[in-house]
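Just below is one structure, and these are the notes that go with it.
The values are calculated or read from the model by the stated rules, or taken from the named source; none is laboratory data. Quick caveat: nothing in here was measured; it's all calculated off a predicted structure. No Cβ is skipped: glycine too gets one built from the backbone with ideal geometry, and neighbour counts run over all protein chains shown. Remember, those area values only see protein heavy atoms, side chains included, never the ligands or the DNA or RNA. Shrake-Rupley method; radii C 1.70, N 1.55, O 1.52, S 1.80 Å.
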Amino acid sequence: SVVRLLNALILLLAWRSAKSLRAPIGYWSVGFVLAGMSMTLLAFRNVMPDFFSIVVATACIVGSQVAIQEGIAQYMGKPGYMKKTVLMIWVIIVAGSLFFTYINPSVNNRIVAYSISAALIALIGIKTLCMRDTGEDTPRRFTIFLFVLFMCLMIFRITIAVAQEEYTDLLNS
């Protein structure tokens, strides 16, 4: 979480001076801050109430992915592209986190719900990046590759969570 917060600080400093990329860098900075917060909250699992270490942490990590997606859309010149969709995914995962924490407690179902939402947001990121083919755009292609790799990891994670017996704690899964 410290590395993510340092990345956020660096992006915030870049945001101040990079006027042409102010919107994307701002979203990416918020994304790193939220990711750092989520990891910090998760680290305090079993120390602070479940609401903060599970529900708020999940809201922050998915919010981080939403902010990064919006930064990509801004960078690609597609402001607002799929904004409603990714925000809807965020609302559903937060509701699912509440449901699978308090109403029908299940670590496996929380893993599956998060993994599906993360894979969907990555898929939207891929679609956003593929909207403009500039030929030799290595950073864009590398980011697409990372999103594909991340989606494969999420599919693997879903498969393992479904195949395994119920986990008692996310940190021991």
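Here are some notes:
- PHE156 being out of contact with any Lys or Arg (no Cβ under 9 Å at 6 or more places or on another chain), surrounded by fewer than 18 Cβ atoms within 10 Å (Cβ to Cβ) and closer than 18 Å to GLN69 by Cα: no
- Unmet criterion (only one of (1) farther than 19 Å from ILE54 by Cβ; (2) assigned to a helix (DSSP H, G or I)) for ASN109: (1)
- Test for PHE142: is it open to solvent by 30 Å² or more (accessible area, probe 1.4 Å), in contact with a Gly (Cβ under 6 Å, 6 or more places away or on another chain) and over 19 Å from MET37 (Cα atoms): no
- Boolean, ALA163 is surrounded by 12 or more Cβ atoms within 10 Å (Cβ to Cβ), among the aliphatic types (A, V, I, L, M) and free of Cβ contacts under 8 Å to residues at least 60 places away in the same chain: no
- Meets criteria (more than 21 Å from LEU146 (Cβ to Cβ), in contact with an Asp or Glu (Cβ under 6 Å, 6 or more places away or on another chain), modelled with pLDDT of 90 or more and polar (S, T, N, Q)) for ASN104: no
- Of all positions in region 59-80, at least one carries a residue that is at pLDDT below 75 and assigned to a loop (DSSP other than H, G, I, E, B).
- Applying the criterion of being closer than 14 Å to ALA161 by Cβ and out of contact with any Ser or Thr (no Cβ under 8 Å at 6 or more places or on another chain) to the residues of region 109-127, the residue that is surrounded by the most Cβ atoms within 10 Å (Cβ to Cβ) is SER117.
- If only residues of region 85-107 that are over 15 Å from ILE61 (Cβ atoms) and hydroxyl-bearing (Ser, Thr, Tyr) are counted, the one that is most open to solvent (accessible area, probe 1.4 Å) is TYR102.
- TYR75 vs. criteria touching a residue at least 40 places away in the same chain (Cβ under 8 Å), more than 17 Å from ILE155 (Cα to Cα), open to solvent by 10 Å² or more (accessible area, probe 1.4 Å) and of a type outside the set (Asp, Glu): yes
- Looking only at region 13-50, and only at residues there that are part of a helix (DSSP H, G or I) and modelled with pLDDT under 70, the one that is most open to solvent (accessible area, probe 1.4 Å): ARG16
- Top-ranked residue in region 40-61 [being among the β-branched types (Val, Ile, Thr) and free of Cβ contacts under 8 Å to residues at least 24 places away in the same chain; ranked as nearest to TYR114 (Cα to Cα)]: VAL56
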